[in-house]
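Worksheet: one structure, shown below.
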Amino acid sequence: AQSVTQPDIHITVSEGASLELRCNYSYGATPYLFWYVQSPGQGLQLLLKYFSGDTLVQGIKGFEAEFKRSQSSFNLRKPSVHWSDAAEYFCAVGSYNNRKLIWGLGTSLAVNP
Amino acid sequence: GAGVSQSPSNKVTEKGKDVELRCDPISGHTALYWYRQSLGQGLEFLIYFQGNSAPDKSGLPSDRFSAERTGGSVSTLTIQRTQQEDSAVYLCASSRGEGSSYNEQFFGPGTRLTVL
């Protein structure tokens with residue numbers, strides 16, 4: 001079955017600390033992977049995406065993610081978190097021939113001052 | 001327009017009433033998606049329009065849900081005889097559609113539906 005698992009429902013970090021949000025997927029085709037962020041009162045915004053090539057991808061707002069095929073993972077990282085990063089983060093998977101993305105349930109990030 | 005717009009932003013209705021939710025995609029985007037986001041849940045795919053092709057309705061939860069897209073642009077999601085379990089945020093997204101590479105989905109702000 002196709003699925004996306006975000007094991008951490010809620011994470012709290014201190015401002016300036018590093019961050020890693022986990023995403024594991026199960027997908028039959030070559031995956032296209034995405035991380036979206038949903039800030040309070042805001043729409044979903046794409047942080048970064050992976051289609052092929054270099055397995056370490058850079059996104060907006062200082063985020064990066066690494067695709068590990070052997071682990072079926074696409075974890076999101078940021079070296080130093082800012083208070084404005086507090087939001088809900090969603091991982092999603094699709095493919096070239098399937099525009100219907102499969103979404104994880106999200107990870108809620110809180111940032112302590 | 002500059003982005004995907006949705007209206008209304010909030011809708012409160014009584015159980016059994018019909019509602020219509022509107023989505024205006026980004027100009028030139030041929031693909032349009034509807035999702036539902038319930039409290040504490042991820043995004044649930046509802047329906048997908050691509051150009052003039054028949055829509056993919058495989059995510060619609062019941063025959064009370066329907067959607068249309070007129071002129072390849074504006075889309076309306078209709079929920080008939082609303083039930084309390086229909087309460088959710090309904091999100092619309094658009095993308096440039098088919099092509100040699102996958103195109104990013106741009107999301108609207110959503111319509112929060114509350115069924116009393």
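The values are calculated or read from the model by the stated rules, or taken from the named source; none is laboratory data. A quick note: this is a predicted structure, and the numbers were derived from the prediction, not measured. With ideal geometry, Cβ positions are generated from the backbone for all residues, glycine too; neighbour counts draw on all protein chains shown. For the accessible areas, the whole protein counts, side chains as well, though only heavy atoms, and no ligand, DNA or RNA atoms are used. Shrake-Rupley method; radii C 1.70, N 1.55, O 1.52, S 1.80 Å.
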Within region B:57-82, of all residues that are open to solvent by 50 Å² or more (accessible area, probe 1.4 Å) and over 14 Å from the mean Cα position of the chain (by Cα), the one nearest to A:Trp103 (Cα to Cα) is B:Asp63
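In the set B:Ala54, B:Ala88, which member is crowded, with 18+ Cβ neighbours inside 10 Å and over 10 Å from the mean Cα position of the chain (by Cα)?
Answer to the check: B:Ala88.
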Checking A:Ser52 against (1) at pLDDT below 95; (2) among the polar types (S, T, N, Q); (3) within 13 Å of A:Gly104 (Cα to Cα), which test does it fail? (3)
Tally, over region A:14-62, of residues that are touching a residue at least 60 places away in the same chain (Cβ under 8 Å) and surrounded by fewer than 16 Cβ atoms within 10 Å (Cβ to Cβ): 7
Flagged in region A:65-113 as over 14 Å from the mean Cα position of the chain (by Cα) and under 18 Å from A:Lys49 (Cβ atoms), in numbering order, are A:Arg69, A:Ser95, A:Tyr96, A:Asn97, A:Asn98, A:Arg99, A:Lys100
Within region B:32-51, how many residues turn out to be buried (at least 18 other Cβ atoms within 10 Å of the Cβ) and within 19 Å of A:Phe90 (Cβ to Cβ)? 10
Report, by residue number, each residue of region A:27-44 that is touching a Lys or Arg at 6+ places or on another chain (Cβ under 9 Å) and either of a type in the set (D, E, K, R) or assigned to a strand (DSSP E or B) (or both). A:Tyr32, A:Leu33, A:Phe34, A:Trp35, A:Val37
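Which residues, taken from region A:99-113, are open to solvent by less than 40 Å² (accessible area, probe 1.4 Å) and more than 8 Å from chain B (Cβ to nearest Cβ)?
Within region A:99-113, A:Thr107, A:Ser108, A:Leu109, A:Ala110, A:Val111 qualify.
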